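What follows is calculated from the coordinates using simple rules that are stated; it is not laboratory data. For clarity, every value in this text was computed on a predicted model and none was experimentally measured. Note that each Cβ is placed from the backbone with ideal geometry, even for glycine, and that neighbours are counted across all protein chains shown.
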Amino acid sequence: NLDYVIVSGARRQENRWDPTENGQIVPETKETQKRLFDDAMFKLEHKTGDADASKLEKP
């Protein structure tokens with residue numbers, strides 16, 4: 001992507017937030033991602049936990 005070149009009077013605005021505060025999906029750690037890929041039982045347990053969480057969040 002491209003950045004605009006501003007001659008004067010501008011500054012970049014950075015907004016940082018915690019995804020858990022907004023109810024967003026929190027990314028998995030690298031260790032958990034690797035275990036999900038390698039361990040079938042862990043993947044199955046994790047998948048059912050996600051399904052239960054999605055049922056609770058439905059409007």
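Data for the structure
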read-out: With Cα atoms, 0 to 90° folded angle of helix 40-57 axis to the chain main axis; value: 70
read-out: At most 16 other Cβ within 10 Å, DSSP loop - chymotrypsin sites (Phe, Trp or Tyr not before Pro), the chain; value: 4, 17
read-out: Long-range lysine pairs (8 or more apart or interchain), the chain, Cα under 23 Å; value: 8
read-out: Virtual spin-label span in nm between residue 46 and residue 31, 7 Å along Cα→Cβ; value: 1.3
read-out: Unit charges on C-beta of K, R, D, E only; dipole of the chain, Debye; value: 180
read-out: In the chain, GluC sites (Glu not before Pro) in a DSSP loop with at most 15 other beta-carbon atoms within 10 Å; value: 14, 21, 28
read-out: For region 15-22, 3J(HN,Hα) per residue [Karplus equation, 6.51 cos²θ - 1.76 cosθ + 1.60, θ = phi - 60°, Hz, x = Gly/Pro]; value: 10, 10, 8, 8, x, 6, 6, 8
read-out: Trypsin sites (Lys or Arg not before Pro) restricted to DSSP loop in region 8-45 with at most 12 other C-beta within 10 Å; value: 11, 12, 16
read-out: Square roots of 5 times each gyration tensor eigenvalue, C-alpha, the chain, largest first, Å; value: 38, 18, 9
read-out: Neighbour net charge for residue 22 - beta-carbon separation under 15 angstrom, K R +1, D E -1; value: -2
read-out: Span from the region 1-38 Cα centroid across to the region 40-59 one, whole angstrom; value: 24
